[in-house]
1. Return the whole-Å distance between the Cα centroid of the range 1-68 and the Cα centroid of the range 70-129.
2. Of all the accessible heavy-atom surface of the chain, with the other protein chains kept in place and a 1.4 Å probe, what percent is carbon and sulfur?
3. Rounded to whole Hz and in sequence order, give me ³J(HN,Hα) for the range 149-157 from the Karplus expression 6.51 cos²θ - 1.76 cosθ + 1.60, θ = phi - 60°, writing x for Gly and Pro.
4. Residues in the range 28-44 near a label at ASN105, defined as backbone nitrogen under 18 Å from the 7 Å Cα→Cβ point?
5. Rank these by accessible area, largest first, 1.4 Å probe: ASP37, ASP91.
6. Can you give me the relative contact order of the chain as a percent, contacts being Cα pairs under 8 Å and 6 or more apart?
7. Give the lysines whose C-alpha is closer than 26 Å to that of LYS94, dropping any in the same chain fewer than 8 places away, or say none.
8. Mind grabbing the base-10 log of I(q)/I(0) for the range 44-99 at q = 0.20, 0.22, 0.25 Å⁻¹? Debye formula, identical points on the C-alpha positions, no solvent, two decimal places.
Amino acid sequence: MDLRYPIGPFAWEGTATAEQRESWISDIAKLPSMLSDAVQGLSDDQLDLPYREGGWSIRQVVHHLADSHMNSYIRFKLALTEDNPTIKPYDEQKWAMMQDATLVNVQVSLSLIEGLHARWTAVLNAMTPSDFDRTFYHPESQKTMSLDYATGMYAWHGKHHTAHITSLRERLAI
């Protein structure tokens, strides 16, 4: 198994069906409990283990999910209220090295993710099929992305990083 992609890379197959969107929204709604379960019972020393050599610690992964999904939620709101807004990229590697990602108790981000995903899921459930066609422009990748694509990608993103944690726990029997 490629430890960088324990569930494989995100695969986009074009415009999603209503059923696929429902599945993705369900995945986004379930992330807070899945992530909380994944770190349940880990000590601070275990939370500071990297999920792979050269990778982030479990603690950093949890805080990264909060950072990343906050940014995504804002991007959704911008795309739903503006015409193809240019979003602000951020340096996730540098963010993951900041003290709030390396020292703070993971419960802080678990609580943030719980509230954030409740709001995000409410927005997603209220979206119409044409809302999923709305877009934002990502200047770093120089690509215009639909909310359809972003929904699928972030559903995958949560499961991807949760699998970093669960696969490490399986490998180390912790």
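The values are calculated or read from the model by the stated rules, or taken from the named source; none is laboratory data. Predicted model only: the values in this text are computed from it and were never measured. Note that each Cβ is placed from the backbone with ideal geometry, even for glycine, and that neighbours are counted across all protein chains shown. Side chains included, ligands, DNA and RNA excluded: accessible areas come from the protein's heavy atoms. Shrake-Rupley method; radii C 1.70, N 1.55, O 1.52, S 1.80 Å.
1. The range 1-68 and the range 70-129 have Cα centres spaced 14 Å from each other.
2. 51
3. So the Karplus estimates, Gly and Pro as x, are 4, 4, 4, x, 5, 6, 4, 5, 4 Hz.
4. 36-44
5. ASP37, ASP91
6. Working: 187 pairs, mean separation 66.6, N = 174.
Across the chain, relative contact order equals 38 percent.
7. LYS77, LYS143, LYS159
8. The calculated log intensity ratios at q = 0.20, 0.22, 0.25 Å⁻¹ are -0.75, -0.83, -0.96.
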